[in-house]
Amino acid sequence: MRFTSEQRLDDDVLEREFTLGEIPGVLWRPGSASAPAPLILLGHPGGLHKMYPRLVARARHCAAEGFAAATIELPGSGDRPRSAAAEEARADLHRALEAGEPVDDEVVDRLVLPLVDKAVPEWRAALDALLSLPEIGGPVGYAGGVIAIGIRLAVVEPRISAALLFAGSFVPRTMFEEAREVTIPLQVLLQWDDEGNDRQLALDLFDAFGSKEKTLHANMGGHTGVPQFEGDDGNRFFARHLK
């Protein structure tokens, strides 16, 4: 991990950009923390620069409760090399959505499964590097982003103690078996009128999760209409499991 820039935000949050090999990322931590801070990994749908305003707002919200937060760019997003196969699958997905047609499972598999296979090892490598820093400690939470990535991480990464997942992206049906292997505490957000998400599929996925502690927060509105109070609820959820 190589840090490339550092700035202190006006609420005393220290923001440091880094690269991990060719992968860009950002780390935020409370400026006043005297002990290693618990870490929350902030997922997103790709495009670190485009998502920055939303990510820094989430990170500052985390820092206000004493958490560090970090994120990395997804494969094939931002300035990272594109995959021709992923671009073709994404175009097929958009054509189906624009035509109001059902999205074929094969299209979802072509788009999501290779992304999960590449992204999860990168998140785990980032976690190795982040936890080696003296100012960062465990336990670790995962919040938001592509829900299929969150499912795989929850299964394979024992250092993640709790996850807040957003049911707002397509999940290959083959990953429902992986969802049954998830045992960590979960809080799942669902926008009831999400225009790009199959509500019944999201409910079936929630039912499939194997966690003994799992809570579904369903709110009216579209994909970008998550109520602000969910940020406070998320902090309370992580405070129960990471502190």
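Which order, highest average first, do 202-211, 80-89 follow once you tally other Cβ atoms within 10 Å for each residue and take the mean per peptide?
Working: 202-211: 18.1, 80-89: 13.3.
Those peptides, ordered most packed to least, come out 202-211, 80-89.
Using Cα-Cα distances under 8 Å and only pairs 6 or more residues apart, what relative contact order does the chain have, in percent? Walk me through the intermediate numbers first.
Working: 432 pairs, mean separation 37.4, N = 243.
Relative contact order comes out at 15 percent.
For region 6-71, the relative contact order comes to 35 percent (Cα pairs under 8 Å, sequence separation of at least 6).
The residues of region 1-156 expose, per residue, 46 Å² of accessible area to a 1.4 Å probe. The alpha carbon centroids of region 93-160 and region 199-243 are separated by 16 Å. Counting only lysines at least 8 places from residue 214 when in the same chain, those with an alpha carbon closer than 24 Å to its own are 243. Using only the Cα atoms of region 114-185, each taken as one equal point scatterer with no solvent, compute I(q) by the Debye sum, divide by I(0), and report log10 of the ratio at q = 0.14, 0.17, 0.19, 0.26 Å⁻¹. Log10 of I(q)/I(0), two decimals: -0.42, -0.62, -0.76, -1.32.
Taking R0 as 41 Å, what's the FRET efficiency between residue 3 and residue 174 from their Cβ-Cβ distance, rounded to 0.05? Provide the component values of the computation, followed by the final result.
Values: r = 38 Å, r/R0 = 0.93.
Approximately 0.60, to the nearest 0.05.
If you count the DSSP beta bridges with both ends in the chain, what percent of them are antiparallel, to the nearest 5?
Working: 18 of 42 bridges.
Close to 45 percent.
Using the beta-carbon distance between residue 241 and residue 109 and R0 = 35 Å, what value does 1/(1 + (r/R0)^6) give for FRET efficiency, to the nearest 0.05? Provide the component values of the computation, followed by the final result.
Details: r = 32 Å, r/R0 = 0.91.
Computed FRET efficiency for residue 241 and residue 109: 0.65.
Looking at region 182-226, which trypsin sites (Lys or Arg not before Pro) are DSSP coil and have at most 10 other C-beta atoms within 10 Å of their C-beta?
On the way: sites: 199, 212, 214; in loops: 212.
Passing both the DSSP loop test and the Cβ count: 212.
For the chain, the orientation-averaged shadow of the C-alpha convex hull comes to 12.3 nm² (one quarter of the hull surface).
The values are calculated or read from the model by the stated rules, or taken from the named source; none is laboratory data. Please read all numbers here as calculations on a predicted model, not as lab measurements. Here the Cβ is made from the backbone with ideal geometry for all residues, glycine too, and neighbour counts use every protein chain on show. We work out accessible area using only protein heavy atoms, side chains counted, and drop any ligands, DNA or RNA first. Shrake-Rupley method; radii C 1.70, N 1.55, O 1.52, S 1.80 Å.
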